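Quick notes on the structure that follows.
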Protein chains: 2
Amino acid sequence: MSADDVHPGLARLSLNQRTIPRWSLPELVDHCGKTGVGAVGLWREPVTEYGLERTSKLVQDAGLRVSSLCRGGFFTSPEAAQWQAAIEDNLRALDEAAALGAECVVLVVGGMAPGSTDLIGARQRVHDALAVLAPAARERGVRLALEALHPIFCADRAVLSTLRQALQLAETVDAAATSAPGVPTVGVVVDAYHVWWDPDVWSAITAAGSRILSFQVCDWVLPLTEDVLLARGMMGDGYIDLRALRTAVDAAGYTGDIEVEIFNQALWDSDPEAVLDTVIERYSAHVL
Amino acid sequence: MSADDVHPGLARLSLNQRTIPRWSLPELVDHCGKTGVGAVGLWREPVTEYGLERTSKLVQDAGLRVSSLCRGGFFTSPEAAQWQAAIEDNLRALDEAAALGAECVVLVVGGMAPGSTDLIGARQRVHDALAVLAPAARERGVRLALEALHPIFCADRAVLSTLRQALQLAETVDAAATSAPGVPTVGVVVDAYHVWWDPDVWSAITAAGSRILSFQVCDWVLPLTEDVLLARGMMGDGYIDLRALRTAVDAAGYTGDIEVEIFNQALWDSDPEAVLDTVIERYSAHVL
């Protein structure tokens, strides 16, 4: 019996490893294999800790795809030395993504400097960084996925706040770097948590088409937690019409993985196998 | 010495009464008069408590404008009886605004029903309510100001999430109700706190033009408070380029009041006169 037979319909399901951070990489890969989950989303820190080549072999031997490598970005420092250090760190992320065969590197572009009101300048520095990184990504055969974050994070995490804005930036940077047509090097993440509220999201998804490099799901639940980074909920527990978003992303031509990324302390404290069971059940009920 | 001589440049400054909720209406009016603040933003509950006619006389005798009446809205209930009750409450708000000579009634349109994922349906019910209210507002000579709320509030407070979306809805509803050209009955609030992150806000402000019925200021400060309704900061304490927004609103043709609306427990616990002094100082330093 192949893994796909275990849970038919899970071939496109990807488990982001931060959804169940208690698992080591071998545990993650083992449980995905056992349940028929087709891909994993990896983070650089645990990959480095386990070893880049070792991780690559582990994942390939299990027949899993790496739907994304999280993450690069943080391009907004007004200090030249810090900005340059971010470029260098992102170049390392590209090398890691190439070694892992990851579908894309997710870029969280960074927020505003404390005390600054220069949102426009911060956005310009993101553009400038991507102009450097896009050619380097193309050389390595790696794709950059710009992640628009919910506007709640505009000041401190990401000055890219809408899918449309991310798409326009991707188009601008890719055009300047003369990609081959139809093979974008710079694209976008559609993360349901960040974009669900946006009246323009449907039109932006259609316009994004082949630039959709990653589709991530979880749910918007209330009340918000004190640390809003950990406010994400399990699919089906909140307000997002995940099936509508999945249908729109599919209609735009996306055939890639559907990655479950949930940062939530209560889930992190729960039994990992039970969490994966719930992920699979809710994915089938609310996303597929 | 006239009030305007006390603090030159404050003629357009409006103090929303919830910024200093400890003051009674006579105290609010007295302090605005003494300092040269030109207008007040009023809330229905304290106005009703003090008396509608009494409030109207108090404000007019002091030579103050009423820059806005807060608030109507909450049109998203899927229950017909609740939706109808909201319409009736909003009709009362229109009568109150007419009696006060308020520049507009601010509409917070309402969020999603608990457990619902039907954002599109909730937005449709807002449209349907406005189609009923716009003609009633026109009859009374009252203007409806649609307030887009920060997307953090999409699920529970307002399914209008961007200025562009509010503007398009205002245009749709007003066109259907055949307003006289140039005299919109339905327009928008530009609240800096809610729209500052939006890459489209500059273009939306320009497009809004004479439909800008209210301009409100405070600041986006971090960390967010546990109750995000109370997370607003004093101008100059956060990340918003308020002068850039004020300049854009002016360039779009807005000549109305600039209303300071800050919900913040620490300010509410402070000495009211000191708060007003700070409002005036920060308004001069960061908005004018």
Failed condition for residue A:169, given (1) more than 14 Å from chain B (Cβ to nearest Cβ); (2) touching a residue at least 40 places away in the same chain (Cβ under 8 Å) | (1)
Among (1) part of a helix (DSSP H, G or I); (2) touching a His at 6+ places or on another chain (Cβ under 8 Å), residue B:209 falls short only on (2)
Evaluate region A:209-219: report whether one residue or more is more than 9 Å from every other protein chain (Cβ to nearest Cβ) and among the β-branched types (Val, Ile, Thr).
-> yes
Find the residue count for region B:180-226, including only residues that are free of Cβ contacts under 8 Å to residues at least 40 places away in the same chain and closer than 26 Å to residue B:94 by Cβ.
-> 4
Would you please list the contacts, defined by Cβ atoms under 7 Å and residues six or more apart or on different chains, that run from a residue in region B:227-245 that is more than 9 Å from chain A (Cβ to nearest Cβ) to a residue that is of a type in the set (Ser, Thr, Tyr)?
-> B:231/B:225; B:232/B:193; B:234/B:278; B:235/B:283
Could you tell me whether region A:73-83 includes any residue that is touching a Leu at 6+ places or on another chain (Cβ under 7 Å) and closer than 30 Å to residue A:117 by Cβ?
-> yes
Can you pull out the residues in region A:30-72 that are on the phi > 0 side of the Ramachandran plot and loosely packed, with under 15 Cβ neighbours inside 10 Å?
-> A:51, A:63
Somewhere in region B:42-53, is a residue without any contact (Cβ under 8 Å) to a residue 24 or more places away in the chain, closer than 29 Å to residue B:270 by Cβ and charged (D, E, K, R)?
-> yes
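For every residue, the table says whether it meets (1) touching a helix residue (DSSP H, G or I) at 6+ places or on another chain (Cβ under 9 Å); (2) of a type in the set (S, T, N, Q); (3) closer than 25 Å to residue A:244 by Cβ; (4) surrounded by fewer than 18 Cβ atoms within 10 Å (Cβ to Cβ).
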residue	(1), (2), (3), (4)
A:163	yes, no, yes, no
A:176	yes, no, no, yes
A:192	yes, no, yes, no
A:199	yes, no, yes, no
A:204	yes, no, yes, no
A:216	yes, yes, yes, no
A:220	yes, no, yes, no
A:227	yes, no, no, yes
Kindly indicate the residue of region B:80-128 that is outside any helix (DSSP H, G or I) and of a type in the set (Gly, Ala, Ser) and also surrounded by the fewest Cβ atoms within 10 Å (Cβ to Cβ) among those meeting that condition.
-> B:115
Are there any pairs with C-beta distances below 9 angstrom linking a residue in region B:259-288 that is on the phi < 0 side of the Ramachandran plot to a residue that is acidic (Asp, Glu) and surrounded by 20 or more Cβ atoms within 10 Å (Cβ to Cβ), with the two at least 6 apart or on different chains, and if so which?
-> B:259/B:191; B:261/B:191; B:262/B:219; B:282/B:219; B:286/B:219
Considering only region A:89-123, state which residues are of a type in the set (Gly, Ala, Ser), in contact with a Gly (Cβ under 7 Å, 6 or more places away or on another chain) and more than 14 Å from every other protein chain (Cβ to nearest Cβ).
-> A:93, A:98
Among the residues of region B:136-148, is there at least one that is within 11 Å of chain A (Cβ to nearest Cβ) and either aliphatic (A, V, I, L, M) or surrounded by 24 or more Cβ atoms within 10 Å (Cβ to Cβ) (or both)?
-> yes
Determine whether residue A:162 is within 14 Å of another protein chain (Cβ to nearest Cβ), more than 23 Å from residue A:195 (Cβ to Cβ) and modelled with pLDDT of 95 or more.
-> no
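The values are calculated or read from the model by the stated rules, or taken from the named source; none is laboratory data. These numbers come from a predicted model, not from an experiment. Glycine also receives a Cβ, built like all others from the backbone with ideal geometry; neighbour counts cover every protein chain displayed.
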